[in-house]
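Structure incoming, see below.
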Amino acid sequence: MANPVQFINQVRAEAAKITWPTRREVVTTTIMVLVFASITSLFFFLVDLAIRTGLTQGLRLISG
């Protein structure tokens, strides 16, 4: 087990190895996430609408 000073030095050395994304990469990724989240929410809305409509029509046919 390393002493606290060695541990902090090791953490700093590992943190220096990190490659941070550029601003453009962050913006592009954020836009992609928002677009795909919107597409996914639209898909589930349409599936829910179809199921609800089908169940409503089915119950109307059964109940007369």
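The values are calculated or read from the model by the stated rules, or taken from the named source; none is laboratory data. The structure displayed is predicted, hence computed values, not measured ones. Please note: Cβ atoms are built from the backbone with ideal geometry, for glycine as well, and neighbour counts cover all protein chains shown. Ligands, DNA and RNA are stripped out before the accessible areas are found, and what is left, the full protein with its side chains, is counted by its heavy atoms. Shrake-Rupley method; radii C 1.70, N 1.55, O 1.52, S 1.80 Å.
So the check is Cβ under 9 Å with 6+ separation or different chains; which pairs have a first residue in segment 13-34 that's of a type outside the set (Ser, Thr, Tyr) and a second one that's in a helix (DSSP H, G or I) and open to solvent by less than 100 Å² (accessible area, probe 1.4 Å)?
Taking only residues 6 or more apart or on different chains, the pairs are Pro21/Thr29.
While we're looking at this one, here's another question. When you look at Gly64, is it surrounded by 10 or more Cβ atoms within 10 Å (Cβ to Cβ), modelled with pLDDT under 95 and not hydrophobic (A, V, I, L, M, F, W, C), yes or no?
no
A further question on this structure: Select, from Val5, Val11, the only residue that is surrounded by 10 or more Cβ atoms within 10 Å (Cβ to Cβ) and modelled with pLDDT under 95.
Val11
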